[in-house]
Amino acid sequence: MHAQVTFSKEQYEQLWIRIIKYKINNQARVLNILGELGSDIVAKYGASISVENVDYNESLAAKEYFKYYRDGLNRRIDDPINSRLNYGYAVVRSAIIRALVTAGFHPAFGIHHNNQLNLYNLADDLIEPYRQIVDLLASQNVGESNVLLSKAERKNMASVLHIACSLDGIKMNVMSAIEMTVDSLKRILVKGLKEELLLPCVLPVESIGGITE
């Protein structure tokens with residue numbers, strides 16, 4: 001593990017605000033891409049986010065987002081769309097954990113998440129603005145009305161690592177973006193460089209290789 005620069009509570013708060021702002025903005029983008037209503041309602045929570053209201057705005061934005069993302073969706077029950085979401089999230093989370101460990105981070109030490117029983121708090125921080133890429137892919141691949149995913153459906157959701165997103169104005173796949181996010185975090189936390197954490201913006205579903213432009 002690399003030696004970490006000492007960060008203040010305020011600096012960690014600003015990192016978390018940036019992560020959640022990207023998450024909320026990506027939720028609004030997903031609704032736009034899907035042609036659903038509600039993107040303006042969701043986006044306003046990202047525009048007004050602050051240290052005082054970050055958790056409150058994140059919660060309200062999520063409530064509005066899932067209401068428009070899929071009518072009647074309840075994230076607490078087992079159904080086909082939740083199965084796809086959960087599988088896709090697990091794939092992305094695993095990729096983030098691998099990237100963090102490779103970069104020398106201990107993923108148990110998070111920016112915001114601090115559950116002592118969770119070995120991957122930092123991964124659970126960084127996944128937040130990546131979840132919406134999974135959401136977009138899952139919305140286009142709802143198969144038979146059953147909870148268990150077929151082999152083909154699992155393979156399809158695992159392909160999320162090759163789905164396009166934009167990071168720092170560059171189009172790349174999720175795997176490349178994850179590596180750049182982790183490298184960015186390393187420069188900030190380990191080297192103490194003054195830069196903004198690089199995070200993804202959702203694009204319409206497209207499977208690509210590495211960085212394209």
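Out of the residues in the range 31-74 meeting the condition of being in a helix (DSSP H, G or I) and of a type in the set (Val, Ile, Thr), tell me which one is nearest to Val205 (Cα to Cα).
Ile33
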Self-check item: Residue match in the range 35-47 (condition: at positive phi and surrounded by fewer than 16 Cβ atoms within 10 Å (Cβ to Cβ))
Solution: yes
Exercise. Can you confirm whether the range 106-121 contains a residue that is assigned to a helix (DSSP H, G or I) and small (Gly, Ala, Ser)?
Key: no
Quiz item: Do you know which of the residues in the range 178-213 that are without any contact (Cβ under 8 Å) to a residue 24 or more places away in the chain and not polar (S, T, N, Q) is surrounded by the most Cβ atoms within 10 Å (Cβ to Cβ)?
Solution: Met180
Self-check item: Extreme residue, nearest to the chain's Cα centre (by Cα), among residues of the range 55-65 that are surrounded by fewer than 19 Cβ atoms within 10 Å (Cβ to Cβ) and not hydroxyl-bearing (Ser, Thr, Tyr)
Solution: Ala62
Quiz item: Can Lys151 be described as within 25 Å of Val101 (Cβ to Cβ), more than 18 Å from the chain's Cα centre (by Cα) and surrounded by fewer than 20 Cβ atoms within 10 Å (Cβ to Cβ)?
Solution: no
Practice problem: Only one of these is part of a loop (DSSP other than H, G, I, E, B) and more than 20 Å from Leu198 (Cβ to Cβ): Ile77, Ile81. Name it. | Solution: Ile77
Quiz prompt | Residue check for Ser176: among the hydroxyl-bearing types (Ser, Thr, Tyr), more than 24 Å from Ser39 (Cβ to Cβ) and more than 16 Å from the chain's Cα centre (by Cα) | solution = no
Quiz item: When residues of the range 171-209 are filtered for being over 29 Å from Phe7 (Cα atoms) and either not acidic (Asp, Glu) or not in a strand (DSSP E or B) (or both), how many remain?
Solution: 10
Quiz item: What pairs come up if the first residue lies in the range 40-58 and is of a type outside the set (Lys, Arg) and at pLDDT 95 or above, the second is surrounded by 19 or more Cβ atoms within 10 Å (Cβ to Cβ) and not in a helix (DSSP H, G or I), and their beta carbons are under 9 Å apart, counting only those six or more places apart or on different chains?
Solution: Asn57/Ile49; Glu58/Ile49
Quiz prompt | Odd one out for Ala99, checked against (1) part of a helix (DSSP H, G or I); (2) aliphatic (A, V, I, L, M); (3) within 27 Å of Leu34 (Cα to Cα) | solution = (3)
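The values are calculated or read from the model by the stated rules, or taken from the named source; none is laboratory data. Nothing here was measured: the structure is a model prediction, and the numbers come from that model. Glycine gets a Cβ as well: all are built from the backbone with ideal geometry, and neighbour counts include every protein chain shown.
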